[in-house]
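The values are calculated or read from the model by the stated rules, or taken from the named source; none is laboratory data. Small disclaimer: the values here were computed from a predicted structure and weren't measured. Here Cβ is always computed from backbone atoms with ideal geometry, including for glycine, and neighbour counts include all displayed protein chains.
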Amino acid sequence: MKKPANLKGKSNPLPGFGLTLGVTLFFLSVIVLIPFAGLALRTSQLSWADFWRLATTERALAAYRLTFLASFSAAVANAIFGTLLAWVLARYEFPGRRLLDAMVDFPFALPTAVAGLTLANLFAANGWLGRFLVPLGIKGAYTPLGVVIALTFVGMPFVVRTLQPVLENLEREVEEAAATLGASRLRTFAQVILPSLLPAITTGFALAFARAIGEYGSIVFISGNLPFKTEIAPYLIVMRLEEYDYTGAIALAVVLLVFSFILLGIINLLEQWTSRFQH
Amino acid sequence: MASPIKTRLRAARNPSRRSTEESPVVKWLLISIALAFCLVFLLLPLLNVFAQAFAKGWRYYLESLYTPDAWAAIRLTLLVAAISVPVNVVFGVAASWAIAKFNFRGKSLLITLIDLPFSVSPVVAGLMFVVLFGLQGFFGKWLDEHNLKIIFAVPGIVLATVFITFPFVARELIPVMQATGAEQEQAALTLGANGWQTFWHVTLPSVKWGLLYGVILCTARAMGEFGAVSVVSGHITGQTDTMPLHVEKLYNEFNGPAAFAVASLLALLALLTLILKSLLEWKEARDLARAQQPAPPDSKAKPQMPARETTR
């Protein structure tokens, strides 16, 4: 990207800095900062012992475990199939490639509630896929597997979209050199190509994982939301709120937030790693 | 994205290309797996929405859309989008002007804060507004005394939606405005234009496609948001149910075809979003290719829309 052309603040004659920064800070405060401050203030009113008790009930621990494991499994699935998809889209010509490329963003565009609704129906015993899978013992609706399926759908574009530009900019010369030196195609892929794709795949993985941790809309439809079995942490927050147990909801929310922020930090580091690889 | 022409050019320049290609068997195997995956995870879910919506025929489909509750949900969804998208545009334009055209301390902190809503679970986002404005919240008592309702009412839904979509427009506009630099604006000012004239006639035309891109993504998200809105809405049928919430309610009432009928409208919206987005990307790639005509065709000209920016 082009560098912003010499914008040394003091000699910049463009008007509107005060106005636009003012508008920005106003909206930022009202929409983001004050709500965050409110949550932080309410949390600080809790004693550590209370917080710990509310955040680590048996039901909450089961919900964290499911959220974490399902998100992780879905992100792994996304990493594998996302890499495959990005590779196919970047390297091969075949009929329908452009359509497929556009369709990859479908999970971003489709409201999560609709995704959950249609996936639950597809994998139910009488659904298009369920009628074949359920007799085989693969139950995709109202099970932890359903949570993984929904999260895989929701996170699908991340790996593809982070990996695609890297693949397109990859120097073919290195592959040619490897081939000239007698390496098989598989060996070239494993030892030459894959290492340079790894930062992007990991970044995509982390983005999909982070998205999955907070996901709610698609899962409520497909999981069945049974406590201890198929209940995810965001759903438990909603349950606490419906019982007007604000403090209980806040304790769970803080755990989720802390986890999201740790992931955000990791993602930023990964993105620096990726961009270093690209140059 | 390697266009057919680009690929052909590359193949012509690299006669040794065979050595960096998989055998046809492997190639078609990989393509088949990719297509199968997309069939199960993209095409079938989409087709299923419409199949289920029309499972009881056209008449039932239209009847489930013509109920007063469905209409109320559609109207509310449009209202929320009509408020939150313009708010996002005003904020996005202001933020990107300040960030792209000026240098100031704390700029990277500001960008991080604008991105923050991306990494918050929608449910937690909704909870934050309940903590502020709910009955037990900080302003709950005051609001109650003055007979104002935010939570379990439309203002809360708008606030939650604005929070969720907050980074969309700004995130699209900042890179575009940075890329155009400030020389043109400075030239306009030197020639005697005032600030607003410069903005309307110089800045806006050069960023209009980026702005439109952000608006499209923002609108789709605003109309489809579920988690955050679900927490603050209170689910009052006919009053605070948006379309996605209405879908959930119908589903919980075991009225599958009606739930899918409303869902089919949202799926159409998603398809429309995809089409517009692809058209814009295609147009942008063409413009860029045209602008870089003298440059070698392999100069990596694709405008990148990093996953981070199109997400959430």
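Of note:
Yes/no per residue for (1) of a type in the set (Ser, Thr, Tyr); (2) out of contact with any Leu (no Cβ under 8 Å at 6 or more places or on another chain); (3) at the interface with chain A (Cβ under 8 Å from one of its Cβ atoms):
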{"site": "B:112", "(1), (2), (3)": "yes, yes, no"}
{"site": "B:119", "(1), (2), (3)": "yes, no, yes"}
{"site": "B:125", "(1), (2), (3)": "no, yes, yes"}
{"site": "B:130", "(1), (2), (3)": "no, no, yes"}
{"site": "B:146", "(1), (2), (3)": "no, yes, no"}
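- When segment A:88-119 is limited to residues that are in contact (Cβ under 8 Å) with a residue 60 or more places away in the chain, over 15 Å from residue B:43 (Cα atoms) and within 7 Å of chain B (Cβ to nearest Cβ), the one that is nearest to the chain's Cα centre (by Cα) turns out to be A:112.
- If the condition is being within 29 Å of the chain's Cα centre (by Cα) and more than 8 Å from every other protein chain (Cβ to nearest Cβ), then segment B:182-196 contributes only B:196.
- Of the helices (runs of 4 or more DSSP H) entirely within segment B:22-69, those holding at least 3 residues that are more than 11 Å from residue A:118 (Cβ to Cβ) and without any contact (Cβ under 8 Å) to a residue 24 or more places away in the chain occupy B:24-38, B:57-65.
- Residues of segment B:33-56 that are out of contact with any Pro (no Cβ under 9 Å at 6 or more places or on another chain), modelled with pLDDT under 95 and not aliphatic (A, V, I, L, M): B:37, B:38.
Every residue, every condition in (1) in contact with a Phe, Trp or Tyr (Cβ under 8 Å, 6 or more places away or on another chain); (2) away from chain A (no Cβ under 12 Å); (3) surrounded by 16 or more Cβ atoms within 10 Å (Cβ to Cβ), yes or no:
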site: B:203; (1), (2), (3): yes, no, yes
site: B:214; (1), (2), (3): yes, yes, yes
site: B:234; (1), (2), (3): yes, no, yes
site: B:242; (1), (2), (3): no, no, yes
site: B:250; (1), (2), (3): no, no, yes
site: B:273; (1), (2), (3): no, no, yes
site: B:278; (1), (2), (3): no, no, yes
site: B:282; (1), (2), (3): no, no, no
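- Scanning segment B:59-79 turns up no residue that is closer than 19 Å to residue A:32 by Cβ and either at pLDDT below 95 or of a type in the set (Gly, Ala, Ser) (or both).
- Listed here are the helices (runs of 4 or more DSSP H) enclosed by segment B:125-181 that have at least 2 residues being under 21 Å from the mean Cα position of the chain (by Cα): B:154-165, B:167-180.
- Hey, residue B:106 at pLDDT below 95 and either among the aromatic types (Phe, Trp, Tyr) or in the same structural domain as residue B:173 (by TED's automatic domain parsing) (or both) or not: yes
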